[in-house]
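Contents: one structure, followed by commentary.
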Amino acid sequence: MRHAREARPAECCGLLLGSATTVAETIRTPNATDDPNRFFIEPQAHIEARREARGRNLEVVGFYHSHPHSPPEPSTTDLTEASYPDHLYLIVSPATDPARIRLFRLVGGRFLEVPFLAVP
Ligand SMILES: [Zn+2]
């Protein structure tokens, strides 16, 4: 959420690290597109984040990005560009107060919403 607010009006993006049932932490990555309505995780940062995760016995379980001006609803582009089956895709919308977060899993080429519980 902090990353999403800082990146506005651009979209932010990053990786979700954890295990099968828990997202333990996030790693920020640069958004490698100038289009304020898209995100593209910078490839080198993606590789380094995966290495860092492995070094700490965490897995990359998914990705996050923000929708600075719209609800946390996956866009057609989000689905088209989602290329990691069974990974989680978290969307943050800092435009509303309280901000909204939704979590999806890419299954069979579709996003299925995943209920989650946020713990401090
Ligand atoms: Zn999106």
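The values are calculated or read from the model by the stated rules, or taken from the named source; none is laboratory data. Remember, it's a predicted structure, so these values are computed and weren't measured experimentally. Cβ: placed from backbone, ideal geometry, glycine included. Neighbour counts: every protein chain shown. The protein model used for the area step is the full one, side chains on, heavy atoms only, and it has no ligands, DNA or RNA in it. Shrake-Rupley method; radii C 1.70, N 1.55, O 1.52, S 1.80 Å.
Nearest 20 debye, what's the magnitude of the dipole of region 2-113 about its Cα centre given +1 on Lys and Arg Cβ and -1 on Asp and Glu Cβ?
The dipole of region 2-113 has a size of about 260 debye.
Taking a probe of 1.4 Å, how large is the accessible area per residue of region 2-113, in Å²?
Value returned for region 2-113: 57 Å² of accessible area per residue.
On a 1.4 Å probe surface of the protein chains, which of F40, F63 comes out largest in accessible area, and what is the full order?
The most accessible residue leads, giving F40, F63.
Quick one: of the DSSP bridges fully inside the chain, what percent are antiparallel, nearest 5?
Of those bridges, close to 80 percent are antiparallel.
For the chain, what % of the accessible area comes from carbon and sulfur atoms, probe 1.4 Å?
Taking all protein chains in place, the chain shows 54 percent carbon and sulfur surface.
At a threshold of 8 angstrom on Cα-Cα distance, excluding pairs fewer than six apart, so keeping six or more, what relative contact order does region 2-113 reach in percent?
23
Based on the alpha-carbon gyration tensor of region 53-120 and its eigenvalue square roots a ≥ b ≥ c, which shape applies: rounded if a/c is under 1.5, prolate if not and a/b is larger than b/c, or oblate?
oblate
With the cut-off at 1.5 for a/c, could you classify the chain from its C-alpha gyration tensor as rounded, prolate or oblate?
Taking the square roots of the gyration eigenvalues as a ≥ b ≥ c, the chain is rounded.
As an exercise, identify the chymotrypsin sites (Phe, Trp or Tyr not before Pro) in region 65-120 lying in DSSP coil whose Cβ has no more than 14 other Cβ atoms within 10 Å.
Those that pass, being in a loop and sparsely packed, are F116.
Using amide H atoms built 1.01 Å from N in the peptide plane, name the residues 5+ places from G14, or on other chains, whose amide H lies under 5 Å from its own.
T29, Y64
Charges on Cβ only, +1 for Lys and Arg, -1 for Asp and Glu, centred on the Cα centroid of the chain; of A10, F104, N31, which one is farthest towards the dipole's positive end?
Among A10, F104, N31, the one farthest towards the positive end of the dipole of the chain is F104.
Please name which of S66, Q44, A20 has its Cα lying farthest along the dipole of the chain towards the positive end, using unit charges on Cβ (Lys, Arg +1; Asp, Glu -1) and the Cα centre as origin.
Most positive-ward Cα: A20.
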